[in-house]
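Here is the structure we will look at, set down as structure tokens.
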Amino acid sequence: QVASLEAAGITVVVSDAQDIDGVYTAIEMIGTLTGKTEEAAAVVTGMQDTFAELAARSSELDGKTVYFEVSPLEYGLWTAGCDTFMDEIADMLGLVNLFHDVCSWAAISEEQVIDFNPDIIVTISMYYGEGPTPEEEIASRAGWENITAVKEGAILNLPNNELSRPGPRLADGAQELFDFVLSIVEQENAA
């Protein structure tokens, strides 16, 4: 697509942020290109402040383990490993991504998830209002009933863009994940 646009005489700028620092660079670049440097700087500062606050509070999450489901069972399970925004955010929050040793996005098996027994399951499956929600579908899977996250109802469905796309909403997704896990920890401590 880039070559086609350039062949038509259109100047093209491409951002390929692979980590959170790269997202900051992309936002600043877009701000420069659009004459909105102050606005871009404010977006970056807001993200940095959110991430710094969450990282400072990471010990509150008790080092919970997390499984990121980026493709549901009906399409073949896929997860986020190292070199993904999900893994970077998990690390920032003091969570343990159970598939950190897998590089990037990877197909995995049900047996692997069951054996790892995650404390938290995060899915980014889309829900269109029909049938079971992504959380209900995961909780109803045969053989998953003894997974800690399923037993405790610790399954979070986040909109796709909030933890997987290079943009300002990464901070929103990190905040939602932090709040969700903190609520689980607080429930456990109150019991």
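The stretch 33-61 and the stretch 66-102 have Cα centres lying 22 Å from one another. Report the antiparallel proportion of the DSSP beta bridges in the chain as a percent, rounded to a multiple of 5. Counting only bridges with both partners in the chain, antiparallel ones make up about 35 percent. Within the accessible area of the chain, the carbon and sulfur atoms contribute 51%, probe 1.4 Å, all protein chains present.
Only protein heavy atoms count here; under a 1.4 Å probe, Leu182 has an accessible surface of about 20 Å². In the elastic network of the chain, a GNM with C-alpha springs shorter than 10 Å, the most mobile of Val96, Val12, Val23 is Val12. Please give me, ordered by residue number, the trypsin sites (Lys or Arg not before Pro) of the stretch 1-78 that lie in loop per DSSP and have at most 15 other Cβ atoms within 10 Å. Here the sparse-neighbourhood loop sites are Lys36, Arg57. Relative contact order, whole percent, for the chain stands at 20, derived from Cα pairs under 8 Å and 6 or more residues apart. When a/c reaches 1.5 or more, the comparison of a/b and b/c decides; with that in mind, is the stretch 130-191 rounded, prolate or oblate per its Cα gyration tensor? Oblate. Sites listed here are chymotrypsin sites (Phe, Trp or Tyr not before Pro) in the stretch 102-132 whose DSSP assignment is loop and whose Cβ has at most 13 other Cβ atoms within 10 Å: Tyr128. Working from label points 7 Å from Cα in the Cα-to-Cβ sense, the Arg141 to Val185 distance is 2.6 nm. Taking a ≥ b ≥ c as the square roots of the eigenvalues of the Cα gyration tensor of the stretch 48-147, is the shape rounded (a/c under 1.5), prolate (a/b larger than b/c) or oblate? Since a/c reaches 1.5 and a/b is larger than b/c, the shape of the stretch 48-147 is classed as prolate.
The values are calculated or read from the model by the stated rules, or taken from the named source; none is laboratory data. Given the structure is predicted, the values throughout are model-derived calculations rather than measurements. Heads up, the Cβs are rebuilt from the backbone with ideal geometry, glycines too, and the neighbour counts pull from every protein chain shown. Heads up: the accessible areas ignore ligands, DNA and RNA and are worked out on the full protein's heavy atoms, side chains in. Shrake-Rupley method; radii C 1.70, N 1.55, O 1.52, S 1.80 Å.
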